[in-house]
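Report on the structure given below.
The values are calculated or read from the model by the stated rules, or taken from the named source; none is laboratory data. Just so you know, these numbers come straight off a predicted model, no measurement behind them. All Cβ positions, glycine included, derive from the backbone under ideal geometry; neighbour counts span all protein chains shown.
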Amino acid sequence: MTVNESRTSRGSGGAREGEDRLDFSALDPTRDAAAFETQLQAIRFATQSELARRRGAPGLLDLFLGWRRPILATSTLIAAASLVVLLSAPADTRSTSLAEAAGLSSTWAEWMGISAATGSGGPSAGPNGEGATE
């Protein structure tokens, strides 16, 4: 009977302390050094083909470089589409303040000390919109 079978036959969700313990003594290198070394050699031999396959596989940088052309092509298309949209939009002839462009009401702009006409100023701005002097 395996550990999983004994758990399901008892109906308990997990092993109780002291029950169904796995024996890892075969992995103890101090117990039998020659047997342990033989096990290591067998594992190394069994994994040689897989490790060789992984050494020949492309690395992370190679994968990124493989996507270089599609990314550049997509970026170019997005930039061209953005340029078309920007050039086809009607030009706004009236001057807009920074506060208006950001969607702030004139009350907010006055409270923040932003000049509605020029969009300049800020919390440390002087009465005419110039920066604070120290």
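Residues in region 42-66 that are of a type in the set (F, W, Y) and either touching a Cys at 6+ places or on another chain (Cβ under 7 Å) or loosely packed, with under 10 Cβ neighbours inside 10 Å (or both): 1 in all. Considered as a group, the residues in region 12-37 that are in a helix (DSSP H, G or I) and of a type outside the set (S, T, N, Q) include one that is modelled with the lowest pLDDT, and that residue is A26.
Counting only helices (runs of 4 or more DSSP H) wholly contained in region 38-134, the ones carrying 3 or more residues that are modelled with pLDDT of 70 or more and either more than 38 Å from the chain's Cα centre (by Cα) or of a type in the set (G, A, S) (or both) occupy 68-88, 106-112.
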